[in-house]
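Report on one structure; see the data block that follows.
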Amino acid sequence: MKPFRFDRAGDISGAVATLAREPAGEFLAGGTNLVDLMKLGVMEPDVLVDVRRLTSGEIEDLPDGGLRIGAAVTNSELAADRRVRSRYPVLSQALLAGASGQLRNLATTGGNLLQRTRCVYFYDTTTPCNKREPGTGCSALEGCNKDHAILGASPHCVATQPSDMAVAMTALDAVVVVRGPGGERRIPAAELHRLPGDEPQRDTTLEHAELIIAVELPPLAFSSNSRYRKVRERASYAFALVSVAAALQVRDGAVHDVRIALGGVAHKPWRARKAEDALRGRPAAEESFRAAAEAELAAAVPLRENSYKVPLAGNIITRTLLDLTGAP
Amino acid sequence: MTTLAERRAIGEPLSRRDGPQKVTGTAPFAYEYRFDNPLYLFPVQSEVARGRVTRIDPSAAGALPGVVAVLSHENAPRLADTSDQELAVLQARDVSFRGQYVAAVLAETLETARYAASLVRVSYDEMPHDVELRADRGDLYAPEHVNPVNPTDTEEGDFDRAFSSATVKLDETYTTPMEHHNPMEPHTTIALWGAGDLTLYESTQGPYAVRETLARVLGIDPDRVRIIAPYVGGGFGSKTLHANTILAALAAVAVEGSPVKFALTRQQMFSGVGYRTPTVQRIRLSAGQDGHLTATSHDVVEQTAKIKEFAENAAVPTRTMYATQNRRTTHRLAALDVPVPTWMRAPGEAPGMFALESAMDEMAIKCGLDPVEFRIRNEPELDAETGLPYSSRNLVACLLEGARRFGWAGRDPRPRARQEGRWLVGTGVASSTFPVVRFPGSVARISYAGGGRYVVEMAAVDIGTGTWTALSQIAADALAVDVADIDLRIGDTTQPEATIEGGSSGITSWGTAIFEAARVFRDRHGDRPAEGARAEAAAAGNPEAGNYAMHAFGACFAQARVDADTGEVRIPQMAGVFAAGKIINPKTARSQIIGGMTWGLSMALHEESLVDARFGHVMNHDFAGYHVPANADIGQFDIAWIDEEDHHVNPMGSKGIGEIGIVGSSAAIANAVFHATGIRVRDLPITPAKLLR
């Protein structure tokens, strides 16, 4: 591991100011991903600014009925919160579907959003990777790509975003609150992560030294009727092949409103707006769910080893929505 | 025939004698021995798969504070014997596989060594490499023999004629991927060189084997080499001897007087400490209307390394499993620019029986027979390969008892006939086998310590299987004393020689020596020995070896549930019944079988090392990418033994259970997945992607 300086700021503005002066620095929270990447030489920051104790560790009720989650709230705490479990079960389920108990005890809300892709080439510094070393090429494009993107990829990068939590937050229209050198701004969860384009080294739309300080969940009338379905190659402790976060509101047998986001298919949590639009007003039945999924997935461009993700995504969108109608 | 001793301790389900130390963290593993001012070793691995090192620039690494040395072919101590190219570490410029050690850093901290290793600049003259195994390669060759000394090919009767004239036949190809052992404890060494003596604290399956090879390779007297290995966190065939141990010893020689600590990272476990070759296996079976096999062939294509041959024996179990008039088995190898494959838990049997037992399931269906009945119908009288009778063969008893325990009777044979909610449910069965292996050369020493206590010493090794306990039980019965009166000392080459822990041979080889030493001890010293009385004896070869074929057998049953929407497979229930001679300790044996069957499940559903042929190395080289089962993947195991008294195998009547647990499990699961879904996956592992239609 490359030697680095460890800095513990007194408050949020101090941490932001410190990092703003350190172009090769990083914030450190739970460290469950960053420290691994440093051991492997994938990330080699000069300075780590510890923010673990600076942001809030509380989950607060908002006046409008939503919740504000401090960035330092651990994944375990967030998953176990009664309000989250009753009002936003999709979020609790997504958290519990990720990592292991030990990791969830350490990982934070802010850090989880910023975990980096699990592409095997990104993790192996002896192979080309545009995300790790811009301009070297994408090894996964013609290599081991069974876990890679089917939507929104570019010739420069076919990696996927690995956070389950981010997928649920995207479906819930969460808002990410960040503080940077220029002050505070609010970013819709769906716009936090970005598609790779020709800058795959940038996972998110955050600028350098911008720190996530909270995530706000807006109230949603039907968010209690939500669920997270994650498909993986073993029963626990694996990243998603494909996952779906969905919430459904049915009136008189028809879809009144719906939220759908997919994980494991793109460089960002994939909000399935085409499917949502196709569903509103349609019968809440398998046929329309299937048609909506197909509308969303029509744009899918599978790679050599991941064409299975297209039917898999279609199947779990359909099945999860059916489950949310209470169908057997 | 061997006389069996009266058994008081053998057969008792004793808890591990080393359990309290293990769970309190006080059982020392090799890397945990404490030394003042040790140096830490970190290797630099080749970033090309074939070529020559043209330049090593250690300047940036060497300039780091705390770096003591940067070793490479330019300055490493010379080895005396480089005939084994896998072990010829840092002796030449040649690169033979990606990940080969081309340099190494010694530093005062692990962190410094690791960082410095990343700063060593290595230039290569890269040459085209070839790492792709395919069955249609033009350069496949027949090795002289296959592991360990089995004939490469066999032929009985006239396979071609029998197969071509048959009406019911199968001709299918089964493939298994490259797999890596990954014991929980990686390969670790502390090496210390001083005044011509080399001491290694080593995580190994064979202290004496390491001693002999190190002495030969380094050109020193074996008596000046000491290997200490009291506790080992798993080996599975990977901890015999590889380049990592040679590198640690070389480094110790380079920095005389300083202990050198070397532990592989998980990523490093995927290059250079062995793996299971991928296999391509064509199986052809034909049967008469009565469900008797008339012809069987098993043709295997595997890989080995250009620098050293290892020939996996995947078709060997087919030579003994079932009666057939006409049989052919072959093995062919491709020599590639890859690390050397090696023994991996049930080498040969694990991949070979996946293919054979999948094919037997398919053939039973073609014959319209229940797969248990089909196997029983093809039970042989004699071992086909040797023509010898079996010392004991209770496969049929295993199948019947397993079927009874698992509730097999009344099974609807139609695939995809049972659905519970979104789960497709099916059941499958497969047979298991593993040979009885006894290595000659183990010696046990027994001395009387007074007060009724006996010290029993040999350089056996417990790689996590329960050897500390089982050998104590054997010694107790051999001496007709209580287990509490046995002071067992193993894992150190200052003790008498013992053969390696491999081939499920440990208890057979070592226990036989202990019995022999106890006999000599009592002959010489009687039942009331003087304090300090001592005797030593070696295990002779088995005089019955030429008279009988000796194998353990088993039957594995599995229930598979497959999600109709996603192809996710869950295995809520498995049953394994084994006929493996006398079970020395049913408690630790059950744990070993659980581990074996779990591994079979892992092989069926999870494990696959993904090589990117452009680069030549394994890409999913960590536990995020290389999957083994999590606890949530494991359901109920029902494990039972057939009460088998085999007087021909050894004085304990035991057959070895280290590997047989894995052997039938993968096929039982594949067969259950077929029964659940109607989809026959002949290419492991069975992932959701392969089940989505």
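Straight-line reach from A:Lys131: which lysines have a Cα under 30 Å away, not including same-chain ones fewer than 8 places off? Leaving aside lysines fewer than 8 places away in the same chain, those within reach of A:Lys131 are A:Lys2, A:Lys39, A:Lys146, A:Lys230, A:Lys268, A:Lys274, A:Lys309, B:Lys690.
Counting Cβ atoms of other protein chains within 10 Å of each residue's Cβ and taking the mean over peptide A:230-243 gives 6.
In this calculation the C-beta distance from B:Asn75 to A:Phe6 is compared with R0 = 30 Å, giving a FRET efficiency of 0.25. Entry note, chain A: relative contact order of 17 percent, from Cα contacts under 8 Å with a spacing of 6+ residues.
Once the other residues with Cβ under 11 Å from the Cβ of B:Gly616 are scored (Lys, Arg +1; Asp, Glu -1), what is the net sum? Net charge in that neighbourhood comes out at -3. The string of couplings for the stretch B:406-423 from the Karplus curve (6.51, -1.76, 1.60, θ = phi - 60°) is 7, x, 6, 4, x, 4, 6, x, 5, x, 6, 9, 10, 9, 10, x, 8, 8 Hz, one whole number per residue in order, with x for Gly and Pro. Ranked by how many other Cβ atoms sit within 10 Å of their own Cβ, fewest first, the residues B:Glu144, B:Glu74 fall in the order B:Glu144, B:Glu74.
In this rough spin-label picture, where each label sits 7 Å from Cα along the Cβ direction, the B:Asp290-B:Glu373 distance is 1.5 nm.
Taken over chain B, the alpha-carbon convex hull comes to 155 cubic angstrom per residue. Just so you know, the Cα atoms of the stretch A:229-324 work out to an Rg and Dmax of 13.1, 43 Å.
Cα centroid separation, the stretch B:510-574 to the stretch B:140-175: 31 Å. Shape descriptor for the protein assembly as shown: Rg over Rh equals 0.99 (Cα atoms; Rh from the Kirkwood inverse mean 1/r). Averaging the Cα positions of each part gives two centres, and for the stretch B:295-334 and the stretch B:392-409 these lie 27 Å apart. Counting other Cβ atoms within 10 Å as a rough exposure proxy, the listed residues B:Trp468, B:Trp423, A:Trp270 run B:Trp423, B:Trp468, A:Trp270 from fewest neighbours to most.
Roughly how crowded by other chains is peptide A:141-150, in terms of the mean Cβ count from those chains within 10 Å of each of its Cβ atoms?
Taking all residues of A:141-150 together, the mean is 2.
The phi-based Karplus calculation (6.51 cos²θ - 1.76 cosθ + 1.60; θ = phi - 60°) puts the 3J(HN,Hα) values of the stretch A:134-150 at x, x, 7, x, 9, 6, 6, 3, 10, x, 6, 9, 5, 9, 9, 6, 10 Hz, whole numbers, x for Gly and Pro.
When each of B:Phe159, B:Phe270 is scored by the number of other beta-carbon atoms lying within 10 Å, the sequence from fewest to most is B:Phe159, B:Phe270.
Contact order normalised by length for chain B, with contacts defined as Cα pairs under 8 Å and 6 or more residues apart; what percent is it?
Once divided by the residue count of chain B, the mean separation gives 17 percent.
Taking the three principal axes of the alpha carbon atoms in the stretch A:48-178, the coordinate ranges are 49, 32, 27 Å, sorted in descending order. Applied to the stretch B:88-101, the Karplus parametrisation 6.51 cos²θ - 1.76 cosθ + 1.60 on θ = phi - 60° returns per-residue 3J(HN,Hα) values of 7, 7, 6, 9, 8, 7, 5, 10, 10, 7, 6, x, 4, 5 Hz, with x for Gly and Pro.
For the stretch B:457-593, place one equal point scatterer on every Cα, skip the solvent, and apply the Debye formula. What is log10 of I(q)/I(0) at q = 0.11, 0.17, 0.20 Å⁻¹? Reported log10 I(q)/I(0), two decimals: -0.53, -1.01, -1.28.
Residues whose amide H comes within less than 5 Å of that of B:Asp487, counting only those at least five positions distant or on another chain, are B:Tyr454, B:Val455, B:Val456 (H built at 1.01 Å from N in the peptide plane).
Cα-based values for the stretch B:312-355, radius of gyration first and Dmax second, are 12.5, 40 Å. Here the simple spin-label model places points 7 Å from the Cα toward Cβ, and for B:Gln91 and A:Gln201 these points are separated by 4.4 nm. Computed on the stretch A:229-324, with alpha-carbon pairs under 8 angstrom and 6+ residues apart, the relative contact order is 26 percent.
Just check chain A against the gyration tensor rule for me: Cα atoms, a ≥ b ≥ c as the square roots of the eigenvalues, rounded for a/c under 1.5, and otherwise prolate or oblate depending on whether a/b exceeds b/c.
Taking the square roots of the gyration eigenvalues as a ≥ b ≥ c, chain A is oblate.
Highest mean packing comes first when the peptides B:204-213, B:79-88 are listed by Cβ atoms within 10 Å, giving B:204-213, B:79-88. If you plug the beta carbon distance of B:Arg693 and B:Asp158 into 1/(1 + (r/R0)^6) with R0 = 56 Å, you get a FRET efficiency near 0.90.
Reducing the stretch B:185-242 and the stretch B:418-470 to their Cα centroids gives an inter-centroid distance of 22 Å. Taking the convex hull of the alpha carbon atoms in the stretch B:394-521, what volume per residue do you get, in Å³? Output value, Cα hull per residue: 170 Å³. Per residue of peptide B:681-689, the mean number of Cβ atoms on other chains within 10 Å of the residue Cβ is 3. Taking the Cα centre of the protein assembly as shown as reference, the dipole from Cβ charges on Lys and Arg (+1) and Asp and Glu (-1) amounts to some 1920 debye.
Starting from the Cα gyration tensor of the stretch A:193-246, take the square roots of the eigenvalues, sort them a ≥ b ≥ c, and report rounded, prolate or oblate (rounded when a/c is under 1.5, otherwise prolate if a/b is larger than b/c, else oblate). Here the stretch A:193-246 falls in the oblate category. Taking a point 7 Å out from the Cα of B:His647 in the direction of its Cβ, the residues of the stretch B:383-411 whose backbone N falls within less than 19 Å of it are B:389-394. Between amide H atoms placed 1.01 Å from N, distances below 5 Å from B:Ala552 occur with B:Phe434, B:Val436, all of them 5 or more places distant or on a separate chain.
Values in this text are rule-based calculations from the coordinates and carry no lab data. This structure is a prediction, so every number in the text was calculated from the model and none was measured. Glycine also receives a Cβ, built like all others from the backbone with ideal geometry; neighbour counts cover every protein chain displayed.
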